[in-house]
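Accompanying notes for the structure given below.
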Amino acid sequence: MKRDFLAITDFSKEEIEEVFKLASDMKGRKIEPKPLEGKSVACIFHKSSLRTRVSFEVGISQLGGGSLYITKNEIELGKRESIYDAAKCLSRYVGMIVIRTFSHKDVEDLARHADVPVINALTDLLHPCQVLGDIFSVIEKKGKVDDLTVAYLGDGNNVTNSWLVASTVFPFELRIGTAPGLEPNKEIFENAKKANISKIVLTHDPQEAIKDADVVYTDVWASMGQKDLVEEREKLLRDFQINQKLLSYAKKDCLVMHCLPAERGREITDEVMDGPNSIVFDQAENRLHIQKAIMVKVLS
Ligand code: CP
Ligand code: NVA
């Protein structure tokens with residue numbers, strides 16, 4: 001049966017550990033598998049992307065395959081033709097589909113009808129490649145993620161939702177600090193609490209969220225598709241900006257993380273982003289290694 005990667009829980013914990021090992025080996029150039037030799041990968045992007053697009057395309061080339069960058073001018077799911085028809089045709093040409101779009105359901109439908117693996121490169125609901133790479137980065141820097149305190153401050157979005165999904169696999173404390181009305185997806189939040197693997201805290205108090213945290217994470221206050229809300233969000237989230245003063249409540253050796261792109265001066269200051277705790281560019285680099293490992297895993 002073909003495998004997809006639409007959410008972190010599409011892999012078991014053991015499989016995630018295998019993915020981490022593979023990513024680490026590939027990063028250290030201990031192994032250079034070429035499972036994409038002779039294969040093409042359709043990379044469908046309906047939203048902008050620097051990191052995800054470039055790291056996927058470079059990763060595909062390093063794994064021996066060829067990538068096709070496809071925008072909504074070529075494929076607009078469900079508009080020019082049905083998702084079913086697009087999935088069936090693409091499956092006759094390519095060995096894998098990577099997709100970034102708005103609706104998570106469209107990606108689920110594409111995966112259901114495609115005969116080749118589908119990888120979620122971000123939807124409005126989830127960004128699993130990002131957070132799997134982030135956990136890999138935390139383990140690389142801290143030796144573990146288990147039992148750490150991860151404070152996510154800002155808008156409850158696709159990245160926050162993916163951290164909640166990750167909290168059902170790894171045991172850590174996830175503290176989400178956001179303004180009323182900007183909480184993450186309710187169902188994903190309730191499921192994470194119910195899973196009872198990690199301690200989940202939701203607070204509207206930024207200091208309570210960040211206090212003694214090992215990892216301090218933020219993301220843009222208005223995601224792609226919501227940029228018209230940025231001024232309104234700025235008013236709501238002002239107190240959640242990661243600046244030196246707020247950071248002083250976290251552990252001294254905490255990791256500062258941001259999936260990027262950052263709106264410097266808004267959700268994070270230059271001082272913090274360029275400061276000694278920041279690992280944002282290591283985090284960005286690890287997208288390449290983790291996605292190569294995810295591709296190898298879904299094809300194996
Ligand atoms: N973090 C991330 O996914 O970046 P891009 O939107 O540039 O791909
Ligand atoms: N939450 C952001 C993440 C970008 C990588 C967005 O969806 O725009």
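Return yes when residue 110 is out of contact with any Phe, Trp or Tyr (no Cβ under 7 Å at 6 or more places or on another chain), at pLDDT 95 or above, part of a loop (DSSP other than H, G, I, E, B) and open to solvent by less than 70 Å² (accessible area, probe 1.4 Å) and no when it is not.
Answer is no for this residue.
In the range 230-270, what residues are open to solvent by less than 50 Å² (accessible area, probe 1.4 Å), in a helix (DSSP H, G or I) and under 13 Å from residue 155 (Cα atoms)?
Within the range 230-270, 230, 233, 237, 240 qualify.
In the range 176-197, which residues are surrounded by fewer than 22 Cβ atoms within 10 Å (Cβ to Cβ) and either within 25 Å of residue 248 (Cα to Cα) or acidic (Asp, Glu) (or both)?
179, 180, 182, 183, 187, 190 - these are the residues of the range 176-197 that are surrounded by fewer than 22 Cβ atoms within 10 Å (Cβ to Cβ) and either within 25 Å of residue 248 (Cα to Cα) or acidic (Asp, Glu) (or both).
Can you say whether residue 82 is within 16 Å of ligand 1 (Cβ to nearest atom) and either open to solvent by 20 Å² or more (accessible area, probe 1.4 Å) or without any contact (Cβ under 8 Å) to a residue 24 or more places away in the chain (or both), as far as the supplied structure shows?
Spelling it out, it is not the case that residue 82 is within 16 Å of ligand 1 (Cβ to nearest atom) and either open to solvent by 20 Å² or more (accessible area, probe 1.4 Å) or without any contact (Cβ under 8 Å) to a residue 24 or more places away in the chain (or both).
Restricting attention to the range 271-290, and to residues there that are of a type in the set (S, T, N, Q) and either in contact with a strand residue (DSSP E or B) (Cβ under 8 Å, 6 or more places away or on another chain) or part of a strand (DSSP E or B) (or both), which single residue is surrounded by the fewest Cβ atoms within 10 Å (Cβ to Cβ)?
277
For every residue, the table says whether it meets (1) assigned to a helix (DSSP H, G or I); (2) of a type outside the set (Val, Ile, Thr).
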site	(1), (2)
9	yes, no
15	yes, yes
20	yes, yes
42	no, yes
56	yes, yes
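Within the range 124-164, how many residues turn out to be assigned to a helix (DSSP H, G or I) and either open to solvent by less than 20 Å² (accessible area, probe 1.4 Å) or within 15 Å of ligand 1 (Cβ to nearest atom) (or both)?
Matching residues across the range 124-164 total 18.
Taking the range 58-73 only, how many residues are in contact (Cβ under 8 Å) with a residue 24 or more places away in the chain and in a loop (DSSP other than H, G, I, E, B)?
Total meeting the criteria: 5.
Going through the range 28-64 one residue at a time, which ones are surrounded by 13 or more Cβ atoms within 10 Å (Cβ to Cβ) and polar (S, T, N, Q)?
The answer is 40, 49, 52, 55, 61, 62.
Out of all the residues in the range 197-227, which are farther than 19 Å from residue 243 by Cα and either assigned to a loop (DSSP other than H, G, I, E, B) or at pLDDT below 95 (or both)?
197, 198, 223, 224, 225, 226, 227
The values are calculated or read from the model by the stated rules, or taken from the named source; none is laboratory data. If you're wondering where the values come from, they're calculated on a predicted model, not measured in any experiment. FYI the Cβ positions are ideal-geometry reconstructions off the backbone, even for glycines, and counts take in every protein chain you see. Note: accessible area is taken over every heavy atom of the protein model, side chains too, but ligands, DNA and RNA are not part of it. Shrake-Rupley method; radii C 1.70, N 1.55, O 1.52, S 1.80 Å.
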